[in-house]
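S.K.: To start, I am sharing the structure in question, which I have written as structure tokens.
Read-outs throughout are calculated quantities, based only on the coordinates presented, and are distinct from any laboratory measurement. Everything numeric here is computed off the predicted structure, so don't read it as measured data. Using ideal geometry, Cβ is built from the backbone for each residue, glycine included, and neighbour counts are taken over all protein chains shown.
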């Protein structure tokens with residue numbers, strides 16, 4: 001009987017030892033290493049508030065605050081709205097780490113810009129265009145004579161350099177290395193404003209969704225690229241223009257986008273589609289002694305983009 005008792009005790013000790021090995025931090029760490037690695041993208045959408053002489057504080061005061069805000073958060077990409085040439089030029093001069101693209105909504109430097117800023121050391125610009133939110137999208141400046149609206153978009157590529165001591169994903173003579181080429185789209189816009197602009201906003205959403213889905217792939221051989229749509233939409237989640245883009249709460253339509261965070265009170269959004277996961281969402285409450293650099297608070301979102 002004593003012999004049997006010793007055997008049972010030995011078996012119990014052996015079982016406990018095996019369990020302790022299986023659940024050590026090292027074992028857990030090995031499991032987490034098997035997770036698919038992704039790239040982090042930090043995006044911001046920000047209505048700068050145009051340099052109105054009647055807005056307080058003035059642009060000459062606000063501009064330094066905006067530079068401080070951007071430096072504090074250091075987003076990889078910023079979609080801006082309402083910026084006039086003077087404003088865009090000032091930010092570009094003060095933030096040389098960014099490249100700025102986009103034109104005025106009446107062409108060239110005229111009128112407000114849907115400018116996109118992106119970090120020059122992190123991304124390569126593959127393609128950029130703009131189109132009007134009008135019945136003639138390709139005609140710049142078309143739409144209402146006062147306050148026409150537009151979209152600036154870009155196809156971006158993550159600069160994929162091997163770290164020091166690591167082997168490059170690209171051999172000296174390479175072809176067909178799409179697997180190492182993480183590309184994505186950024187769309188930036190500013191919808192029509194006012195109580196009578198509901199139909200214009202609805203049609204804007206329909207046009208943008210059509211354009212987005214036409215660009216989801218670059219040739220039949222490539223997987224769907226991640227895509228981000230940001231801006232000041234001048235309407236709230238649940239509205240008709242929103243539902244065109246996002247659908248209802250239970251929608252599983254692959255052609256629709258998702259909201260990074262659905263805040264019923266916000267008209268500034270960052271929407272997305274593709275192999276993307278939201279890591280962080282923040283309404284940026286940046287001010288200096290109670291003075292704000294714009295009449296909008298930026299939306300800042302960190303995403304993980306899975307490199308399939």
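S.K.: Please report, in whole Å, how far the alpha carbons of segment 44-128 spread along each principal axis, starting with the longest.
M.R.: Projected onto the principal axes, the Cα atoms of segment 44-128 cover 39, 32, 19 Å.
S.K.: Would you please put 262-268, 246-252 in order of how densely packed they are, using the mean number of other Cβ atoms within 10 angstrom per residue and starting with the highest? Don't skip to the end; give the middle numbers.
M.R.: Details: 262-268: 14.4, 246-252: 11.3.
Packing order, densest peptide first, comes out as 262-268, 246-252.
S.K.: Under 19 Å from a point placed 7 Å out from the Cα of residue 147 along the Cα-to-Cβ direction: which residues of segment 51-78 have their backbone N that close?
M.R.: 51-56
S.K.: Then there is this: In whole angstrom, note down how far apart the Cα centers of segment 263-284 and segment 146-169 are.
M.R.: 19
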